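Okay, structure first, notes after.
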Amino acid sequence: MNYELLEHTADAKFRAYGKNKEAAFANAVKGMTAIITDPEKLAKDREFPVTVTADDNKKLLFDFLDQILFLMDTEHFVPAEADVRIEGNTLTAALRGDDVKKVGGNLKAVTYSEMEITQQDGQWMLQVVVDI
Amino acid sequence: MNEKPVLDVVKVNDFVYKIEPTGKMNVPVKIFADENLVKKMQQDSSLQQACNVASMPGIVGESIVMSDAHQGYGYCIGGVAAFDMEEGIISPGGIGFDQNCGVRLLTTNLTKEQVEGKKSELLEKIYKACPVGVGVDGVRITPDEMKEVMVQGAKWAVANGYGSKDDLEHCEAGGCLPEADPKHVPDRALHRGKRQLGTVGAGNHFVELQVVDEVYSEVAEKFGLQKGNVVVMIHCGSRGFGHQVCSDYIRMIEDAYPNIVASLPDKNLIYAPLKSELAKKFWGAMNAAANFAFCNRHILGHNVRQAFIELFPDCSVETVYDVCHNIAKRETHVVNGEQKELMVHRKGATRAFPAGSEDIPEAYRAIGQPVLIPGSMGTSSWVLVGEKGSLEQSFGSTAHGAGRMMSRMKAKKDFPADDVRADLAKKGIQIKAATLKGISEEAPGAYKDVDEVIAVSDSAGIARKVARLVPIGVIKG
């Protein structure tokens, strides 16, 4: 499983998985998009690069997803997939996706509430609650 | 999931419950609820979240939970917390990502019967004039104009041809908070907001045509509410602008105060000490976002009025009031018999000042502040009036809505959009939505009963019933 959506009374929660940190962060992009639409059904003809730097994993995840919400409002872009590279404190990603106008649904903000990042038996798990 | 600790919730009277301080809590938690509502709150983390807030530095009086409360991120939604100006804090999460999310209510002199025949046409016009959903553009403004909006709030709109001074005089704070400081607003917030002024957004935000279904006191007339007449309720906030202010300041505070973060049970409770430079900067930015929201609702109100006038050239459309329900305000309250200036955080809570308060517009000073409470889609919304008990019990606050009780995921499964639309049609409610899933997610069955939420507020003496409004048309994202 790459990601799953979880129940949350007021907002939306997802988990993303990966065999390494890069793969888990890339799946988090799909997990967040899945809150508003099926990422597999989106076109991938728009591309945006993202670079964020932060001194721990949770901050990195927060900043990465926050930058995606920024692109959603400013470029009307919704990502379907991402290639992610992480070197030291810096994450570089190539996002490919579609026009958000085609899907609708709004994501307001990434939150730290219930955020979890775990690594066990070679499997990474990221959990995020998104304010919607 | 972590096991939920059992909280000792004690009944004070039929409408108030309490949790006495234990462990790190500095003050008790006070809960406005009846037996049924308090049971629902115990099913999620709302009350644990309120206990976490009770343990924050400088909190004064009680950590307050309103009758519509549900679990949020860090703080519960439907909470009030007041902090000492010396020892206390300010917290972006304690206000909410949608800073100055709020409600504006307009009255018309048209009856339901007059509007019914042209309802579809009217909804179509309003839908065009009030963009909903994502990826839609509002009023085009230059960076210089954006600065003016941040400082002037709804006053900017009036100066630029939207609405009237009379609208401004019927707004919380006159639609403009004076301590906004654009230089502390992050660039990313400006970019995110620059295409969004005059847009509704998605989620639970809406523009609704409603009818005054029942009036409960003579105050209704003073608010311009007449039984059988059509009114319009607008629910939205500061859009991406406010969300980005909140997100960016959470990160700035996190980097500046790693020790505070380490001490928190939930990182989303993050705060800056009120005396700090960062708190001052956030205060300037938050007020700028709040002004953006006031201006946003004002422009939407103007556009709604124009839509009415196109179809009913002789009608009059007046603003009743505009309230914030996600905000921090510097206010003076009586604590232990002494007047004290406090930083009052209302996250999903509405100010409910009684008659005589200087913070109420002159038109309502002898009556009390109008309190606007939107229900869920298809159910009633309410107008209340602030009562004296609010100053004694809840730092002048009451609830803000119905309060969700079901996740959007479950709602999508349980309430297919076509069924919801058909059910609403049976009740005479027409819906125009940007997406089908928006209809499912906001289905009335996903929310608590707003009438029950209001009854608690009324019985506890914090805000009294004035009028019940029922929808006849809904526009949403």
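The values are calculated or read from the model by the stated rules, or taken from the named source; none is laboratory data. Everything numeric in this text was worked out from a predicted model, so none of it was measured. Here the Cβ is made from the backbone with ideal geometry for all residues, glycine too, and neighbour counts use every protein chain on show.
Structure summary
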read-out	value
Residues (in contact (Cβ under 8 Å) with a residue 60 or more places away in the chain and within 11 Å of another protein chain (Cβ to nearest Cβ)) located in region A:17-75	A:35, A:36, A:37, A:65
Residue count, region A:100-110 (criterion: at the interface with chain B (Cβ under 7 Å from one of its Cβ atoms) and over 14 Å from the mean Cα position of the chain (by Cα))	5
Residues being touching a Phe, Trp or Tyr at 6+ places or on another chain (Cβ under 8 Å) and hydrophobic (A, V, I, L, M, F, W, C) - total across region B:147-172	4
Some residue of region B:392-401 being in contact (Cβ under 8 Å) with a residue 40 or more places away in the chain, closer than 24 Å to residue B:101 by Cβ, buried (at least 21 other Cβ atoms within 10 Å of the Cβ) and within 12 Å of chain A (Cβ to nearest Cβ)	yes
Residue count for region B:191-233, restricted to those that are polar (S, T, N, Q), more than 28 Å from residue B:404 (Cα to Cα) and within 14 Å of chain A (Cβ to nearest Cβ)	0
Condition broken by residue B:407, with the remaining ones in (1) touching a residue at least 40 places away in the same chain (Cβ under 8 Å); (2) buried (at least 19 other Cβ atoms within 10 Å of the Cβ) satisfied	(1)
Count - residues of region B:448-469 that are surrounded by fewer than 24 Cβ atoms within 10 Å (Cβ to Cβ), out of contact with any helix residue (DSSP H, G or I) (no Cβ under 7 Å at 6 or more places or on another chain) and at pLDDT 95 or above	4
Selection within region B:95-136 - over 25 Å from residue A:71 (Cβ atoms), in a loop (DSSP other than H, G, I, E, B) and in contact (Cβ under 8 Å) with a residue 60 or more places away in the chain	B:118
Residues within region B:169-190 that are touching a residue at least 40 places away in the same chain (Cβ under 8 Å), within 14 Å of chain A (Cβ to nearest Cβ) and in a helix (DSSP H, G or I), tallied	3
Boolean, residue B:44 is closer than 30 Å to residue B:245 by Cβ, of a type outside the set (Ser, Thr, Tyr) and part of a loop (DSSP other than H, G, I, E, B)	yes
Helices (runs of 4 or more DSSP H) contained in region B:364-477 and holding at least 2 residues among the polar types (S, T, N, Q)	B:388-393, B:450-459
Residue check, residue B:329 under 17 Å from the mean Cα position of the chain (by Cα) and surrounded by fewer than 24 Cβ atoms within 10 Å (Cβ to Cβ)	yes
Subset tally (residues that are part of a loop (DSSP other than H, G, I, E, B), more than 25 Å from residue B:91 (Cα to Cα) and either within 14 Å of another protein chain (Cβ to nearest Cβ) or within 14 Å of the chain's Cα centre (by Cα) (or both)) for region A:111-128	0
When residues of region B:336-353 are limited to those that are under 16 Å from residue B:269 (Cα atoms) and out of contact with any His (no Cβ under 9 Å at 6 or more places or on another chain), the one surrounded by the most Cβ atoms within 10 Å (Cβ to Cβ)	B:345
Helices (runs of 4 or more DSSP H) lying entirely in region B:237-334 (those with 2 or more residues that are at pLDDT 95 or above and hydrophobic (A, V, I, L, M, F, W, C))	B:239-256, B:277-311
Residue B:86, sole failed condition from (1) crowded, with 19+ Cβ neighbours inside 10 Å; (2) more than 23 Å from the chain's Cα centre (by Cα)	(1)
Pick from region B:410-436, criterion within 14 Å of chain A (Cβ to nearest Cβ) and either without any contact (Cβ under 8 Å) to a residue 24 or more places away in the chain or in contact with a helix residue (DSSP H, G or I) (Cβ under 6 Å, 6 or more places away or on another chain) (or both), ranking: surrounded by the fewest Cβ atoms within 10 Å (Cβ to Cβ)	B:413
Tabulated pairs, region B:274-290, first surrounded by 24 or more Cβ atoms within 10 Å (Cβ to Cβ), second aromatic (Phe, Trp, Tyr), C-beta under 7 angstrom, 6+ apart or interchain	B:282/B:249; B:285/B:249; B:289/B:241
One residue from A:128, A:103 being under 25 Å from residue B:249 (Cα atoms) and either among the aliphatic types (A, V, I, L, M) or out of contact with any strand residue (DSSP E or B) (no Cβ under 6 Å at 6 or more places or on another chain) (or both)	A:128
Subset tally (residues that are within 13 Å of the chain's Cα centre (by Cα) and of a type in the set (Val, Ile, Thr)) for region A:53-91	3
All positions within region A:1-60 that are of a type in the set (Asp, Glu), surrounded by fewer than 19 Cβ atoms within 10 Å (Cβ to Cβ) and in a loop (DSSP other than H, G, I, E, B)	A:7, A:38, A:45, A:55, A:56
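Residues are listed down the side, and each one gets a yes or a no for (1) surrounded by 18 or more Cβ atoms within 10 Å (Cβ to Cβ); (2) part of a helix (DSSP H, G or I); (3) more than 14 Å from chain A (Cβ to nearest Cβ):
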residue: B:61; (1), (2), (3): yes, no, yes
residue: B:73; (1), (2), (3): yes, no, no
residue: B:79; (1), (2), (3): yes, no, no
residue: B:138; (1), (2), (3): yes, no, no
residue: B:148; (1), (2), (3): yes, yes, yes
